[in-house]
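No lab work stands behind these numbers, since they all come straight from the coordinates. What you see is a predicted model, and the numbers here were worked out from it, not measured in a lab. With ideal geometry, Cβ positions are generated from the backbone for all residues, glycine too; neighbour counts draw on all protein chains shown.
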Amino acid sequence: MNWRKLWKRRTERPSLSEEGIPYHVAIIMDGNGRWAKRRGLPRIAGHRAGMESVKRVTESASEIGVRILTLYAFSTENWKRPEQEVDYLMRLPQEFLILELESLIKNNIRVCMLGDLEALPLWTRESVLEAVEKTKSNTGMMLNIALNYGSRSEIVEAVKKISDQVKAGTLQPEDINEQTLSACLLTNGIPDPDLLIRTSGELRLSNFLLWQCAYTELWFTDVYWPDFRKEHFYEAIHAYQKRGRRFGGLK
């Protein structure tokens, strides 16, 4: 028996219950810039290194049976960053999908997008829509990439849709409920996240899935995203499985 391989496997993956795998995991991928700064590198080097973590976590989530993996790739607030960095961030999805599309198809992973795609540069929009089209028939895990996404603007747009329905007479104000608003969100038809992971030590949601995360379990780590490995992902799943979810009631 190869004890070195056995020990490595045990340290990377704690004992997980197959029945307790979260259906939907969301991740705020944070810390690329600080990872680069600590190494005396430009920020874009951190973003490039973070692509490897995306690949690792996507593979890990699919392997253990997660059905939806939502990754916060670029927020509506990220446009405030320096132009050179924004331009690079806009090219990363294109580069990642070009390199990994064949593997995603092979592993039956379906790519979906979450956010305002119309505001993206043409080359970014075309590449992500191509990935969506080429994987739309896949029946495995959904890789949901939040690109140019902001939860507050999403909720505002949902309220506008509801207002239009009320004006048109197709919806009565007294009939508006939580399901009404949820149906008008970009995540319509997608179950709320069971687990949200945030890297880099920050303890906030940063305008990410605010409505959807009302009862999501949160897990934070000081590890920067480029250093996030499979063992960290399994650690988060393991922590999730030890929690009791009561949704405001009693267990």
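With VAL57, VAL66, VAL111 as the choices, which residue is β-branched (Val, Ile, Thr), surrounded by 19 or more Cβ atoms within 10 Å (Cβ to Cβ) and in a strand (DSSP E or B)?
Details: VAL57 fails: in a strand (DSSP E or B); VAL66 fails: in a strand (DSSP E or B).
Being β-branched (Val, Ile, Thr), surrounded by 19 or more Cβ atoms within 10 Å (Cβ to Cβ) and in a strand (DSSP E or B) holds for just one of VAL57, VAL66, VAL111, which is VAL111.
Checking the structure you have, find out if any residue of the range 225-238 is under 15 Å from SER75 (Cβ atoms), among the aliphatic types (A, V, I, L, M) and out of contact with any helix residue (DSSP H, G or I) (no Cβ under 9 Å at 6 or more places or on another chain).
The first filter runs over the range 225-238 and keeps only residues under 15 Å from SER75 (Cβ atoms), leaving 225.
Next cut, among the aliphatic types (A, V, I, L, M) only: none.
Within the range 225-238, none of the residues are under 15 Å from SER75 (Cβ atoms), among the aliphatic types (A, V, I, L, M) and out of contact with any helix residue (DSSP H, G or I) (no Cβ under 9 Å at 6 or more places or on another chain).
Six or more apart or on different chains, Cβ atoms under 7 Å: show the pairs whose first residue is in the range 105-129 and free of Cβ contacts under 8 Å to residues at least 12 places away in the same chain and whose second is in a strand (DSSP E or B).
Pairs found: none.
Tell me the residue from LEU147, LEU203, LEU171, LEU181 that is surrounded by 14 or more Cβ atoms within 10 Å (Cβ to Cβ), hydrophobic (A, V, I, L, M, F, W, C) and assigned to a loop (DSSP other than H, G, I, E, B), please.
Details: LEU147 fails: assigned to a loop (DSSP other than H, G, I, E, B); LEU203 fails: surrounded by 14 or more Cβ atoms within 10 Å (Cβ to Cβ); LEU181 fails: assigned to a loop (DSSP other than H, G, I, E, B).
Of the residues listed, the single one that is surrounded by 14 or more Cβ atoms within 10 Å (Cβ to Cβ), hydrophobic (A, V, I, L, M, F, W, C) and assigned to a loop (DSSP other than H, G, I, E, B) is LEU171.
Identify, from the list LEU89, LEU99, LEU104, the residue that is aliphatic (A, V, I, L, M), part of a helix (DSSP H, G or I) and touching a Ser or Thr at 6+ places or on another chain (Cβ under 8 Å). I'd like the intermediate steps shown before the answer.
Details: LEU89 fails: touching a Ser or Thr at 6+ places or on another chain (Cβ under 8 Å); LEU99 fails: touching a Ser or Thr at 6+ places or on another chain (Cβ under 8 Å).
Exactly one of LEU89, LEU99, LEU104 is aliphatic (A, V, I, L, M), part of a helix (DSSP H, G or I) and touching a Ser or Thr at 6+ places or on another chain (Cβ under 8 Å), namely LEU104.
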